[in-house]
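All of the numbers you see were taken from the coordinates with simple rules; none came from a lab. Since the structure is predicted, the reported quantities are computational estimates derived from the model, not experimental observations. Positions of Cβ are backbone-derived with ideal geometry, glycine not excepted, and every protein chain shown enters the neighbour counts.
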Amino acid sequence: MTLNELISMKLGGGKLALRPGSGAMAGDEKKCLATSAGELILMAVGEDLARPGLDRTPERFAKALREICSGYTMTLADAVGEGVFPAEGKGIVSVKDVEFYSMCEHHMLPFYGQVSVAYLPNEKILGLSKIPRVVDMYARRFQVQERLTRQVADAITEAISPRAVVVKMTGSHMCMMMRGVEKQASVTTTEFAVGVESLTETEKARLYSSLS
Ligand SMILES: [Zn+2]
């Protein structure tokens, strides 16, 4: 049975666009499609779908995938909410070692690690709990670490227009650890800065050192 036949059967007939249009599907259709994908993955590796241990596994896979990818349905306004406040000083604000969990878009396998953010405020600051929310909004999607790092910096810039912001991310990629080169101890570091060119050398040095 082809994928389209299986999906058509699941959805009770009707044609389904698997590519670009798939983003516009209703929630039930997405859940059904993800469940079918779970079944297909098990079939592809030679599992027996009738095995008792796999009872409802495709449904659990679909539910987990929805949580892992919940960032697609969030906006920056959702993540930041009411968490923007007037700045009371000019000092550096830093939040270090916020954990994140994301999915590599090249292998559909997880990568995870820690992200640290430091910024020099202008007139506004961001509630500290909002930084992890912004990170989660972008991490809970299919990603590459470089883009994720830049998106967090850009989102903070958009939310509070700081004088400068630096985001540093370290990630362990399951696609490198479980397969391929099998380098279990390797960590990927990415960094993205906005506005640092307008700082003095001293300010820039202090901003970067607040992340180390
Ligand atoms: Zn990968």
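Placing pseudo-labels 7 Å out from each Cα toward the beta carbon at Leu109 and Thr200 gives an inter-label distance of 4.9 nm.
For segment 190-212, the residues whose amide N sits under 20 Å from a probe point set 7 Å from the Cα of Asp97 along the beta carbon direction are 190-191, 207-212.
For the chain, modelled as a GNM with alpha-carbon contacts under 10 angstrom, which of Tyr138, Tyr119, Tyr72 fluctuates the most? The residue that fluctuates most here is Tyr72.
If I take every Cα pair under 8 Å that is 6 or more residues apart in the chain, average their sequence separation and divide by the length, what percent do I get for the relative contact order? Relative contact order here is 18 percent. Residues within the reach of a label modelled at Lys90 (point 7 angstrom out along Cα to beta-carbon, backbone nitrogen below 19 Å), restricted to segment 169-212, are 195-210.
Taking trypsin sites (Lys or Arg not before Pro) across segment 131-212, the ones in a DSSP loop with at most 14 further Cβ atoms lying within 10 angstrom of their Cβ are Arg179, Lys183.
The convex hull around the C-alpha trace of the chain, projected and averaged over every direction, spans 14.6 square nanometres.
Among the GluC sites (Glu not before Pro) in segment 57-131, those located in a DSSP loop and surrounded by at most 14 other Cβ atoms within 10 Å of their own Cβ are Glu82, Glu88, Glu105, Glu123.
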